[in-house]
Amino acid sequence: MAPFDLIAFDADDTLWHSQDGFDAAEAAFRDLLAPHVPHGVDIASALVATERANLHVYGYGVKAFGLSMMEAALTLSQGRVPSDVLVRLLDIVRDLLMAPARIMNDVPEVLGDVATSFRIVLVTKGDLVHQTRKLATSGLEYLFDHVEIVLEKDVPTYRRVFDELGVDPSRVCMVGNSIKSDALPILELGGYAVHIPYPTIWDLEHVEHPPVSDRYCELTSLRELPEWLET
């Protein structure tokens, strides 16, 4: 008997590109702020610190990122940042929000393949409106038996989601790019996790990798998933 009743997929940087957009926005933020802050200030680290401090208030996603950029810009410049810089930051946030989902290679084929043998669901965190829009523009929504957009991906959240779906967490395999959000909580619940790394990852998602085991593996590409599930 197959060990899984459910395959759960992460969305951002697992099914479609996301972090590269944030990376470009952060680079633009550094360039725009550099002329208006004291020499030697680490603008990038200050932005990450602001995001970390605001997580419990703003949560995740582009809107939270945009608010943290505005706050960091005002703080680092001691309120002297020009209005045209703030306008440009707002434009960057709007562009990120309006960008269509950029699907990764092989995603539709892999999801279709897995869906022929398993019940599949999407579990992603972030802003409800933005994540819903990305899913709608991805053309992938029809493949999922259920979609869950959550504020946080932790043990209590996963337990609630799988309880509502009527699935024992030990019979779930979670597939995603984040060790912190997609692997560790599922492993703690007794389930399985497949880590598929993205070239870059958000600073606040960095954690130590668990050892490879019978319940955790690392693949280089999503296209390897169907074969791994078979074996």
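Here are some notes:
- For the stretch 1-48, a tally of residues being among the aromatic types (Phe, Trp, Tyr) and touching a Leu at 6+ places or on another chain (Cβ under 7 Å) returns 2.
- Extreme residue, farthest from GLU227 (Cα to Cα), among residues of the stretch 114-160 that are of a type in the set (D, E, K, R) and open to solvent by less than 70 Å² (accessible area, probe 1.4 Å): ASP127
- Within the stretch 99-113, considering residues that are over 17 Å from the mean Cα position of the chain (by Cα) and not β-branched (Val, Ile, Thr), the one least open to solvent (accessible area, probe 1.4 Å): LEU111
- Residue within the stretch 81-94 that is outside any helix (DSSP H, G or I), of a type outside the set (Ser, Thr, Tyr), farther than 21 Å from GLY176 by Cβ and at pLDDT 95 or above present: yes
- Filtered by the rule that a residue be acidic (Asp, Glu) and surrounded by 15 or more Cβ atoms within 10 Å (Cβ to Cβ), the stretch 14-66 gives GLU26, GLU51.
- Within the stretch 166-190, the residues that satisfy the criterion of being more than 27 Å from ASN105 (Cβ to Cβ), touching a helix residue (DSSP H, G or I) at 6+ places or on another chain (Cβ under 6 Å) and part of a loop (DSSP other than H, G, I, E, B) are LEU189, GLY190.
- Test: LEU89 is surrounded by 14 or more Cβ atoms within 10 Å (Cβ to Cβ) and out of contact with any Asp or Glu (no Cβ under 6 Å at 6 or more places or on another chain): yes
- Breaking point among (1) surrounded by 13 or more Cβ atoms within 10 Å (Cβ to Cβ); (2) over 20 Å from the mean Cα position of the chain (by Cα); (3) without any contact (Cβ under 8 Å) to a residue 40 or more places away in the chain, for PRO3: (3)
- Set LEU135, LEU204, LEU122: member being in a strand (DSSP E or B), aliphatic (A, V, I, L, M) and under 30 Å from LEU47 (Cβ atoms): LEU122
- Every residue from the stretch 16-48 that is without any contact (Cβ under 8 Å) to a residue 12 or more places away in the chain and hydrophobic (A, V, I, L, M, F, W, C): ALA24, ALA27, ALA34
- The lone exception for GLY190 - which of (1) open to solvent by 20 Å² or more (accessible area, probe 1.4 Å); (2) under 19 Å from PRO211 (Cα atoms); (3) out of contact with any Ser or Thr (no Cβ under 7 Å at 6 or more places or on another chain) it fails: (3)
- GLY66 meets all of the listed conditions (1) at pLDDT below 95; (2) part of a helix (DSSP H, G or I) but one, namely (1).
- Check on VAL129, more than 16 Å from ASP10 (Cα to Cα) and more than 18 Å from the chain's Cα centre (by Cα): no
- When we screen PRO211, PRO197 for residues that are in a loop (DSSP other than H, G, I, E, B), exposed (fewer than 13 other Cβ atoms within 10 Å of the Cβ) and either out of contact with any helix residue (DSSP H, G or I) (no Cβ under 6 Å at 6 or more places or on another chain) or among the hydroxyl-bearing types (Ser, Thr, Tyr) (or both), the only hit is PRO211.
The values are calculated or read from the model by the stated rules, or taken from the named source; none is laboratory data. This structure is a prediction, so every number in the text was calculated from the model and none was measured. Every residue, glycine as well, gets a Cβ built from its backbone with ideal geometry; the counts of neighbours run over all protein chains shown. The accessibility values were calculated without ligands, DNA or RNA, using every heavy atom of the protein model including side chains. Shrake-Rupley method; radii C 1.70, N 1.55, O 1.52, S 1.80 Å.
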